[in-house]
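Right, one structure below, let's go through it.
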């Protein structure tokens, strides 16, 4: 009887035009990345997905009625916008295909902004990585992914985004290659990011989160993870010590060492120096500041103890002690005569000179006597 009464009430409201509460609609805009660290796409799936007949094209064109909440991965939106001005993708044979312009991507984004203007927006962790994995192995980095995802989505949409907490594609584990590579990549790029804060470095730090998306196909995960591993290695090498090979012939010597900064930001680093033996003593070096896209030469004070060969090991470190890149090894050939040897050689030279003078005097006297 109660069910019948409720049905009659709803029917009556519909007949007289009074609104009935509509259910909430949850719309998710997220997909595993198909973009390499160098900007190329491993296939053309993303472009097809935002076309009017694609999965995300249909979602934005027909989002449904009622109260809507959009759960959005900002990494996904950024990749869509990368398509707009032209992009490169790899075909089935691995050959590059260039698309000069893809206006559909910009049109899709503009429509998304329009459709969602009165709706709630919630950001996922950047790249929608495996939540359980990160909570266990890198909770601090997960907090960074959440924080930067919120900021980036707000910048893209031009308005406030709801507090984080919703997550998509986070069930299951990331691919094995991603799990094996994640920790060394994370540690390396965090050290670089501690002194270089430009977007280029931040993109790499966020990008490795995309490799942890559990929905990423195995072959795609291998290619994308490898690309980020190489890109991070190149990034840390942008701050480096120039190699050299020196012969030192004086007991005290200021060794010229060149430090290079290929980032578009000024950096400050320290230089730790050790030697392979005790033939040379190294003095302290003050903190080094290198302008953006430049190099500077410093002087490393050396005191040579004995002749022979040694190797200087130079390690760049951040002001907080994080090691930057690999150790640079500079061989030294020490060809320095010790003070004792110098005094002995000088003394012998003086004695020989005096002997020669005395001998000459005697010869002169002898000639005079015989004259």
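Where a number appears in this text, it was derived from the coordinates with a stated rule and is not lab data. It should be emphasised that the depicted structure is a prediction, and the values quoted were computed from it without experimental measurement. Please note: Cβ atoms are built from the backbone with ideal geometry, for glycine as well, and neighbour counts cover all protein chains shown.
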**OP:** Averaging over all projection directions, find the projected area of the Cα convex hull of segment 41-160 and quote it in nm² with one decimal place.
**Re:** 8.8 nm²
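Multiply the residue gap between residue 147 and residue 245 by 0.36 nm, knock off their C-alpha separation, and tell me the result in nm, one decimal place. Working shown, then result.
Numbers: separation 98, 0.36 × 98 = 35.28 nm, distance 4.65 nm.
Extra length from residue 147 to residue 245 when fully extended: 30.6 nm.
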**OP:** Along each of the three principal axes of the Cα atoms of segment 57-112, give the extent in whole Å, ordering the values from largest to smallest.
**Re:** 45, 18, 18
Subject >> Cα centroid separation - segment 238-252 against segment 82-111, whole Å >> reply: 48 Å
Original post:
For segment 126-274, how big is the tail of P(r) above 21 Å, as a whole percent of Cα pairs?
Top reply: 54 percent
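Using Cβ counts within 10 Å as a stand-in for footprinting exposure, how do 182, 137 rank, fewest first? Mind showing how you got there, number by number?
Details: 182 24, 137 15.
Ascending number of Cβ neighbours within 10 Å: 137, 182.
Compute the FRET efficiency between residue 351 and residue 299 as 1/(1 + (r/R0)^6), taking r as their Cβ-Cβ distance and R0 = 35 Å, and round to the nearest 0.05. Don't skip to the end; give the middle numbers.
Working: r = 39 Å, r/R0 = 1.13.
Taking R0 as 35 Å, the efficiency between residue 351 and residue 299 is 0.35.
Starting from the eigenvalues of the Cα gyration tensor, five times each then square-rooted, give me the equivalent ellipsoid semi-axes of segment 239-334, largest first, whole Å.
Details: eigenvalues 126, 32, 25 Å².
That gives 25, 13, 11 Å for the three semi-axes.
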**OP:** Pop out the Kirkwood hydrodynamic radius of segment 22-236 from its pairwise C-alpha distances, inverse of mean 1/r, in Å to one decimal.
**Re:** 17.6 Å
Original post:
Can you give me the relative contact order of segment 22-236 as a percent, contacts being Cα pairs under 8 Å and 6 or more apart?
Top reply: 23 percent
Subject >> Ranked by how many other beta carbons lie within 10 Å on average, peptides 100-109, 271-280 from highest >> reply: 100-109, 271-280
Original post:
So for the pair residue 358, residue 327, with labels modelled 7 Å out along Cα→Cβ, what separation do we get in nm?
Top reply: 5.6 nm
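Give me 30, 294 ranked fewest to most by other Cβ atoms within 10 Å of their Cβ, as a rough exposure proxy. Intermediate results must be reported in sequence, preceding the final value.
Working: 30 20, 294 11.
So the residues, fewest neighbours to most, are 294, 30.
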